[in-house]
Amino acid sequence: MTKQIQTKSTIVDIEKLEMLNVGMVGHIDHGKTTLLSKITGKFTDTHSEELKRGITIKLGYADIILENKDKKRYVSFIDCPGHEMLMATMLSGAALIDAAILLVAANEGIKPQTKEHLIALQAKKVNKILIVQNKIDLVTREKAIENFNEIKKFIKGTIAENAPIIPVSAQQEINIDKIKEFLLDVKIPQRDLNSKPEFLIARSFDINRPGTDIKNLHGGVLGGILKKGELKVGDEIEIKPGIAETQAHQLSYHTIKTKIVSIFRGNNPINKATPGGSLAIETELDNILTKSDSLSGCAASLIGSLPEITTALKLKYYLFSSLVGGEKEVKIEELKLSEMIMLSVNTTTTVGQIKKIDKKNIDLSLRIPVVPIKGDSVGIARNIRGHWRLIGFGEIV
Ligand code: GDP
Ligand code: MG
């Protein structure tokens with residue numbers, strides 16, 4: 001078989017696989033990144049060409065194809081970004097994950113972010129949860145049992161009540177196979193293939209090495225997740241809000257139009273992307289536009305498909321009754337006129353001032369514009385004693 005044919009069969013294979021998006025959540029230092037590297041294995045770079053290597057390294061996404069005797073699926077993971085504090089808001093703002101692995105370090109137990117992340121999963125109705133009791137190598141048997149009971153108590157009455165709890169040592173690679181079994185068994189939700197595509201850009205970059213000959217240059221690459229619809233190689237797309245430009249002290253945004261040159265799922269080129277799993281899209285864009293994540297937070301779709309961007313956002317909202325994460329219960333006050341709140345809308349985080357409150361609806365004036373796609377959900381955070389804390393969520397109306 002020639003190399004060419006092998007590549008083709010890979011394309012077909014990858015496109016046919018079912019996709020699962022998994023969020024890694026839990027308190028900082030409880031082992032999310034370590035566990036992820038043990039589940040997926042390290043990226044081995046022996047034969048890949050520049051494009052693939054560039055995408056894999058720069059995206060930092062970890063993907064794996066899992067299979068057993070009856071099933072084969074492509075699993076994409078979303079790890080907590082550096083800013084752990086924002087994860088809860090991010091989770092509530094993006095309908096991106098199908099399932100979650102919630103880590104609790106056995107030597108530390110339930111911590112503020114453990115609670116906050118579980119509440120966010122609950123708000124998003126992510127009910128496919130695996131609880132990993134990590135770092136069991138660090139505790140005695142008695143301590144492990146005590147911690148297990150603490151977890152049981154913590155999940156009682158929540159969306160994770162019946163979630164399996166697996167004792168793990170990510171570092172010593174104990175029970176990683178049990179996690180893989182869970183990931184193969186989880187039911188995958190129905191995907192929306194018929195709506196206009198909505199590609200959420202989380203990263204954007206230049207994959208060319210310095211000094212590359214002009215005729216070998218690759219266009220700018222967009223990394224992110226296709227929330228709904230389909231995108232194909234050759235599609236003409238628009239990116240919004242696009243490029244920010246200051247003119248006479250006024251900030252304005254320009255929609256970018258381009259064409260899809262290639263699509264990668266992890267290391268694999270595909271012709272057509274369907275929702276689920278992270279993607280890298282190579283475009284015809286000049287790398288000046290895509291370098292250093294300058295387009296992160298934007299959305300892409302077929303030309304003419306995205307609504308006009310706006311700084312005047314209308315939301316229907318729901319607040320939690322009390323603040324999660326803290327040691328003692330703190331009641332959440334109603335939203336107030338003129339209050340500044342932080343919003344996570346898909347991959348964008350922006351601050352907005354409340355201009356009008358009408359029952360459970362608010363009008364906001366945003367600092368950074370968003371693409372207001374009706375029905376998209378939004379995480380709402382309030383600054384409480386110097387920390388942005390998740391207080392509820394909303395829906396774009
Ligand atoms: P994250 O902040 O949740 O992503 O946590 P990291 O994966 O960065 O892990 C934090 C620290 O805990 C690192 O020093 C890891 O080496 C360590 N760690 C992670 N898993 C285990 C484990 O199972 N056992 C032990 N002893 N250490 C671990
Ligand atoms: Mg980490």
To the nearest 10 square angstrom, how much accessible area does I225 have with a 1.4 angstrom probe?
10 Å²
Under 5 Å from the placed amide H of I78, counting only residues 5+ away or on other chains, we find V22, G23, M24
Using amide H atoms built in the peptide plane, which far-off residues or other-chain residues are under 5 Å from E284 H to H?
K259, V261
Over the heavy atoms of E116, what accessible area does a 1.4 Å probe trace out, to the nearest 10 Å²?
10 Å²
Per 5 Å bin, what is the whole-percent P(r) computed from every C-alpha pair distance within the range 342-384?
6, 20, 31, 32, 11, 2
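Carbon and sulfur together cover what percent of the accessible area of the chain at a 1.4 Å probe radius?
Details: 9890 of 19310 Å².
That fraction is 51 percent.
Would you mind classifying the range 310-396 by shape? Square roots of the alpha carbon gyration tensor eigenvalues, ordered a ≥ b ≥ c; an a/c under 1.5 is rounded, otherwise it is prolate if a/b is larger than b/c and oblate if not. Intermediate results must be reported in sequence, preceding the final value.
On the way: a/c = 1.73, a/b = 1.59, b/c = 1.09.
Taking the square roots of the gyration eigenvalues as a ≥ b ≥ c, the range 310-396 is prolate.
Using a 1.4 Å probe, what is the accessible area per residue for the chain, in Å²? Provide the component values of the computation, followed by the final result.
On the way: 19310 Å² over 397 residues.
Ligands and nucleic acids excluded, the figure is 49 Å² per residue.
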Using the Karplus curve 6.51 cos²θ - 1.76 cosθ + 1.60 with θ = phi - 60°, what ³J(HN,Hα) values do you get for each residue of the range 212-219, in whole Hz, with x for Gly and Pro?
5, 4, 3, 6, 9, 5, 8, x
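Tell me the mean residue ellipticity at 222 nm calculated for the chain from its helices only (DSSP H runs of n ≥ 4, each -39500 (n - 2.57), averaged over every residue, nearest 500).
Numbers: 8 runs with 81 residues, N = 397.
The helix-only estimate for the chain comes to -6000 deg cm²/dmol at 222 nm.
Rounded, prolate or oblate, given the Cα gyration tensor of the range 198-302, with a/c below 1.5 counting as rounded?
Working: a/c = 1.95, a/b = 1.20, b/c = 1.63.
Note, shape of the range 198-302 comes out oblate.
Please work out the Kirkwood hydrodynamic radius for the chain, using every pair of different C-alpha atoms, and report it in angstroms with one decimal place. Each step should come with its number before you reach the end.
Numbers: mean 1/r = 0.0451 Å⁻¹.
This gives a value of 22.2 Å.
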Two-decimal log10 I(q)/I(0) for the range 142-213, as the Debye equation yields it once each C-alpha is a single scatterer, q = 0.20, 0.24, 0.28 Å⁻¹:
-1.01, -1.15, -1.26
May I ask you to list the residues of the range 329-343 whose amide nitrogen lies under 18 Å from a point 7 Å from Cα along the Cα→beta-carbon direction of I384?
329-337, 339-343
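What FRET efficiency comes out for N216 versus D29 if R0 is 51 angstrom and r is the Cβ-Cβ distance? Round to the nearest 0.05. List each step's numbers first, then the result.
Numbers: r = 42 Å, r/R0 = 0.83.
For N216 and D29, the calculated efficiency is 0.75.
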Between Y318 and D192, what is the label-to-label distance in nm when each label sits 7 Å out along the Cα-to-Cβ direction?
1.7 nm
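The values are calculated or read from the model by the stated rules, or taken from the named source; none is laboratory data. Fair warning: this is a prediction, and the values are worked out from it, not measured in the lab. For neighbour counting, all protein chains shown are included, and Cβ atoms are generated from backbone atoms with ideal geometry for every residue, glycine included. Please note that ligands, DNA and RNA were not included when accessible areas were found on the heavy atoms of the full protein model with its side chains. Shrake-Rupley method; radii C 1.70, N 1.55, O 1.52, S 1.80 Å.
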